[in-house]
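*Asks:* My questions all concern the structure below.
The values are calculated or read from the model by the stated rules, or taken from the named source; none is laboratory data. Values in this document were obtained by computation on a predicted structure and should not be read as measured data. Here Cβ is always computed from backbone atoms with ideal geometry, including for glycine, and neighbour counts include all displayed protein chains.
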Amino acid sequence: MTNKLINFTKDGQKIILNYQDQPLELTILTPEIIRVFQDRGNASNSYAIEGDKKIKTDFDIEDKGDHTEITTEKLIVKAYDDKKIDVYDEKGDPLIMDYRGTRTPIDRQMDKEHLKLAESEGHDVKKLLGMHDENYYEIIKTLASDEQFYGLGDKTGFLNKRHYAYDNWNTDNPDPQVESFTRLYKSIPILLGIKNGHPYGIFFDNTYRNHIDLGKESNNYYYYSAVDGNVDYYIIGGDSLKEVITNYTYLTGRVPMPQKWALGYQQSRWGYSVSQKQVEKIAENLRKYDLPCDVLHLDIDYMDGYRVFTWRKDTYEAPEDFIKKMRKLGFRIITIIDPGVKKDDGYKIYQEGLEKGYFVKAPDGTVYVNEVWPGDAVFPDFGRKQVREWWAKNCKYLVDLGVSGIWDDMNEPASFRGEVPEDVVFHNEDEKTTHRKMHNVYGHNMAKATYEGLKKYSGKRPFVITRAAYAGTQKFSTVWTGDNQSLWAHVQMMIPQLCNLGMSGFGFAGTDIGGFGADTTPELLTRWIEGALFSPLYRNHADRGTRSQEPWVFGEPTLSIYRKYLKLRYRFVPYLYDEFYRESKTGLPIMRPLVLNYENDPHVYNMNDEYMVGEDILTAPVVQEGQTERAVYLPEGEWIDFWNGVEYSGKNTILADAPIDKLPLFIRKNAILPWGKEVSHISDEPDKTMTFRVFGDKVKYTHYQDNGLDFNYQNGEYNLYDVEVADGHVKIKLAYQGYAHEYQQIIVKLADREVVFDYCDGEYVEK
Ligand code: GLC
């Protein structure tokens, strides 16, 4: 029977479409963002979106007989009977069209005999048959033959998600992550599409377990399904993929300016932190071998029996002295914190949490216990504000010791005696609910608490790394892709994975360089440190029990090549920092796939082994063992080989020479790169001079400068420099002046000469 659209009512920018059964609400947030909402009896608060994002937007709404039509300056939405919604851009190009047919589940070849056997072996037959609980729902959209998909956060596999299906249920699965994995540690349900050349986004804001099939089941439709929750999704338009991302990050937030040192190299390994002596040995070697590095990570063994917010005493002198000592050598210390609190009556954090009722409970009202690193452990109920505040306060312990950032791990949450059952009692703020609803935002809320603690007690821009995340976590934390392995398949996957995270709002992300599990080889490690050169988070990390993978353990030439790339990384830090500044304004990622910059070029829709950094840098890492040359596709425009200055015309594939010490690297012609100094680590002192390298002859570039540490930039304490090159002349102007440490000298390196400027009387004067 048809579910008739009877009429509509308007409440400001909310349109209530009155259907025979229940209403469907469309809320116009901006000319390019429309929320589609159907109340299915769940609380409607969002963890991804903070604050009211609605801006005053003009729109028309008209009853057109067979449908109701809503028009903003940028989008047209047509609502029909049966809650069918079609979305077009302002020119009438179809973007998101509800599917009118019915789904045909993938043929699993499960005949009766098979099902009987499966049942006798204890399998959930209902599940095998694709049957669902009563709260389950599906949203099915029409799929065009040329439609391409991106986004969805950290999912494994290739850049373009068409033909694949994924689950959103944060999961710690220690097996080697391959493209058949449907889920990983994060749930970031932002889907970006390009349909007939027209970009769009859909953000499904539902924390319950959900599934996205992007044309795996059928060539005619793609669909989203969730086991429970409201229908709550956002239609996102924009004239380009970039604008869609800018709109999405307007909605869910942007990566804030990091502390500058966080862009430096970071060294880690599970096992170092068992003793101060071992950590000091690593620090000593990094300096001895002239390897620039800013951060040492302490994994779980620095704690006293894996009790969070404690420090072991047997193998460390006073931690504050140790941390000070490391700082003197130019290293900052990051400590890991897991959510699982050891069940131990003599332990303050456990006692306090227990007394205050801060841990999640089994349905019978007793505190829920599972096993993590410390053995029996209990889990803070991070959905509650008081619990987040308590956790934030606990972070003070680490801040006071001098720790520079916190690495939140195991926060899916992971547990060793099976997954936390879905009916364990959690809170959605003050509302009593279950793990089933709060699972996917557990890591998000832990990261938020950590961010708030670091901000409050350090006054610095918080440096948090989290493994689990939800859409919007980018406001609080950087992420890494969890436990990869020392496999060529995983250095290959780094590129699509970080590019999709970037397009999903997570511009600050990285992989475990060298691979976490399994044993690396000198060649794999070398190609990884090269290929990850522009990975926003640049950290080598490995599992205990795997072969050591610090650069010096392999001798030459690995050590020298590794050193060469660490030094090169620091040269690019000012450019990366500028990119973070631009990202904080636009939401556009630092590391990005070619499709984001060249969305009209179908050649790059499936480009898995090249990436760009901002607009001006293109790199084509070698991610195959034994390869010493490779094909590089250069998109439209002119490109300059970074190493030898040779120019190439784009829309062309070239063969690049790539011996083991060479990362194929190209700079867009007419680009300027701020060029960092050769340093062992990022200093807290303001730079007195800055160098710009010019590639080409006509270009203008804006460079950002602030103190790289705290929030003063939000009060205007920063400078913007315009560097302009045209007709052989160079001009430098302070386009905005708010930070009292202007560079005293600026050097501009052109292809054939250097131009030096001195700062006098508020101006840059050529020497
Ligand atoms: C998890 C993390 C890994 C860490 C280990 C021990 O496996 O993903 O990075 O080293 O736990 O804390």
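*Asks:* When the residues of segment 148-195 are filtered to those that are part of a strand (DSSP E or B) and either within 16 Å of the ligand (Cβ to nearest atom) or of a type in the set (S, T, N, Q) (or both), which remaining residue is farthest from Val479 (Cα to Cα)?
*Replies:* It comes out as Gln148.
*Asks:* Still on this structure: If you check Arg108 against the conditions, is it surrounded by 14 or more Cβ atoms within 10 Å (Cβ to Cβ), outside the structural domain of Phe508 (by TED's automatic domain parsing) and either within 16 Å of the ligand (Cβ to nearest atom) or not in a helix (DSSP H, G or I) (or both)?
*Replies:* It is false that Arg108 is surrounded by 14 or more Cβ atoms within 10 Å (Cβ to Cβ), outside the structural domain of Phe508 (by TED's automatic domain parsing) and either within 16 Å of the ligand (Cβ to nearest atom) or not in a helix (DSSP H, G or I) (or both).
*Asks:* Moving on to the next point. Quick check on this structure: which one of Val372, Val360 is touching a residue at least 40 places away in the same chain (Cβ under 8 Å), away from the ligand (no atom under 16 Å from the Cβ) and of a type in the set (Val, Ile, Thr)?
*Replies:* Val360
*Asks:* OK, next. Going through segment 454-497 one residue at a time, which ones are out of contact with any strand residue (DSSP E or B) (no Cβ under 8 Å at 6 or more places or on another chain), farther than 30 Å from Arg527 by Cα and not in a loop (DSSP other than H, G, I, E, B)?
*Replies:* Matches in segment 454-497: Lys455, Lys456, Tyr457, Ser458, Lys475.
*Asks:* Check segment 407-420 and report whether any residue there is more than 21 Å from Tyr350 (Cα to Cα), in contact (Cβ under 8 Å) with a residue 12 or more places away in the chain and not assigned by TED's automatic domain parsing to the domain that holds Ile300.
*Replies:* yes
*Asks:* Moving on to the next point. List pairs: first residue in segment 543-565 and outside any helix (DSSP H, G or I), second residue of a type in the set (Lys, Arg) and within 15 Å of the ligand (Cβ to nearest atom) anywhere in the structure, Cβ distance under 9 angstrom, at least six positions apart or on different chains.
*Replies:* Final answer for the pair search is Asp543/Arg269; Arg544/Arg269; Thr546/Arg269; Ser548/Arg269; Gln549/Arg269; Glu550/Arg269.
*Asks:* Can you pull out the residues in segment 581-593 that are crowded, with 23+ Cβ neighbours inside 10 Å and assigned to a helix (DSSP H, G or I)?
*Replies:* The answer is Glu583, and nothing else.
*Asks:* What residue, of Asp345, Asp294, Asp299, Asp304, is farther than 20 Å from Tyr538 by Cα, surrounded by 15 or more Cβ atoms within 10 Å (Cβ to Cβ) and among the charged types (D, E, K, R)?
*Replies:* Result of the check over Asp345, Asp294, Asp299, Asp304: Asp304.
*Asks:* Step by step: first the residues of segment 269-291, then only those that are buried (at least 18 other Cβ atoms within 10 Å of the Cβ) and near the ligand (Cβ under 10 Å from one of its atoms), then the one that is farthest from Ser683 (Cα to Cα). Which residue is that?
*Replies:* Trp270
*Asks:* Follow-up. What residue, among those in segment 399-422 that are more than 16 Å from the ligand (Cβ to nearest atom), buried (at least 17 other Cβ atoms within 10 Å of the Cβ) and not in a loop (DSSP other than H, G, I, E, B), is nearest to the chain's Cα centre (by Cα)?
*Replies:* Val399
*Asks:* Can I ask one more? Which members of segment 296-343 meet the condition of being of a type outside the set (Gly, Ala, Ser) and over 29 Å from Gly375 (Cα atoms)?
*Replies:* Listed by number, the residues that qualify are Asp321, Lys324, Lys325, Met326, Arg327, Lys328, Leu329, Phe331, Arg332.
*Asks:* Name, by its number, the condition in (1) under 26 Å from Arg287 (Cα atoms); (2) crowded, with 18+ Cβ neighbours inside 10 Å; (3) not β-branched (Val, Ile, Thr) that does not hold for Lys324.
*Replies:* With respect to (1) under 26 Å from Arg287 (Cα atoms); (2) crowded, with 18+ Cβ neighbours inside 10 Å; (3) not β-branched (Val, Ile, Thr), Lys324 is out only on (2).
*Asks:* Search segment 360-389 for residues being assigned to a strand (DSSP E or B) and in contact with a Phe, Trp or Tyr (Cβ under 6 Å, 6 or more places away or on another chain), and hand back the single one that is nearest to His439 (Cα to Cα).
*Replies:* If we take residues in segment 360-389 being assigned to a strand (DSSP E or B) and in contact with a Phe, Trp or Tyr (Cβ under 6 Å, 6 or more places away or on another chain), then Pro380 is nearest to His439 (Cα to Cα).
*Asks:* Still on this structure, I have one more. Lys396 - would you say it is free of Cβ contacts under 8 Å to residues at least 12 places away in the same chain and under 23 Å from Thr450 (Cα atoms)?
*Replies:* So Lys396 fails the test.
*Asks:* Sort out which residues of segment 298-355 are small (Gly, Ala, Ser) and within 16 Å of the ligand (Cβ to nearest atom), and write them in order of number.
*Replies:* Gly305, Gly340
*Asks:* Identify all residues within segment 423-441 that are out of contact with any strand residue (DSSP E or B) (no Cβ under 8 Å at 6 or more places or on another chain) and either part of a loop (DSSP other than H, G, I, E, B) or more than 26 Å from Glu50 (Cα to Cα) (or both); write none if there are none.
*Replies:* Residues satisfying the conditions are Glu429, Asp430.
*Asks:* Here is a list: Tyr577, Tyr538, Tyr562. Which entry is within 16 Å of the ligand (Cβ to nearest atom), aromatic (Phe, Trp, Tyr) and surrounded by 20 or more Cβ atoms within 10 Å (Cβ to Cβ)?
*Replies:* Tyr538
*Asks:* Same structure, new question: Mind telling me which of the residues Val244, Val231 ends up being among the hydrophobic types (A, V, I, L, M, F, W, C), surrounded by fewer than 23 Cβ atoms within 10 Å (Cβ to Cβ) and more than 16 Å from the ligand (Cβ to nearest atom)?
*Replies:* Val231
*Asks:* Next question, about the same structure. For Phe506, which of the numbered conditions (1) away from the ligand (no atom under 16 Å from the Cβ); (2) among the hydrophobic types (A, V, I, L, M, F, W, C); (3) surrounded by 24 or more Cβ atoms within 10 Å (Cβ to Cβ); (4) over 21 Å from Leu152 (Cβ atoms) fails to hold?
*Replies:* Failing condition for Phe506: (4).
*Asks:* Right, something else. Taking segment 263-280, which residues are within 29 Å of the chain's Cα centre (by Cα) and among the β-branched types (Val, Ile, Thr)?
*Replies:* Val279, the sole residue that qualifies.
Listed here are the residues, each with its yes/no results for (1) over 19 Å from Val295 (Cα atoms); (2) in the same structural domain as Leu454 (by TED's automatic domain parsing).
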| position | (1), (2) |
| --- | --- |
| Glu317 | yes, yes |
| Lys325 | no, yes |
| Lys348 | yes, no |
| Lys356 | yes, no |
| Asn370 | yes, no |
| Val378 | yes, no |
| Phe382 | yes, no |
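*Asks:* Could you check segment 513-525 and list, in sequence order, the residues that are crowded, with 24+ Cβ neighbours inside 10 Å and assigned to a helix (DSSP H, G or I)?
*Replies:* Leu525
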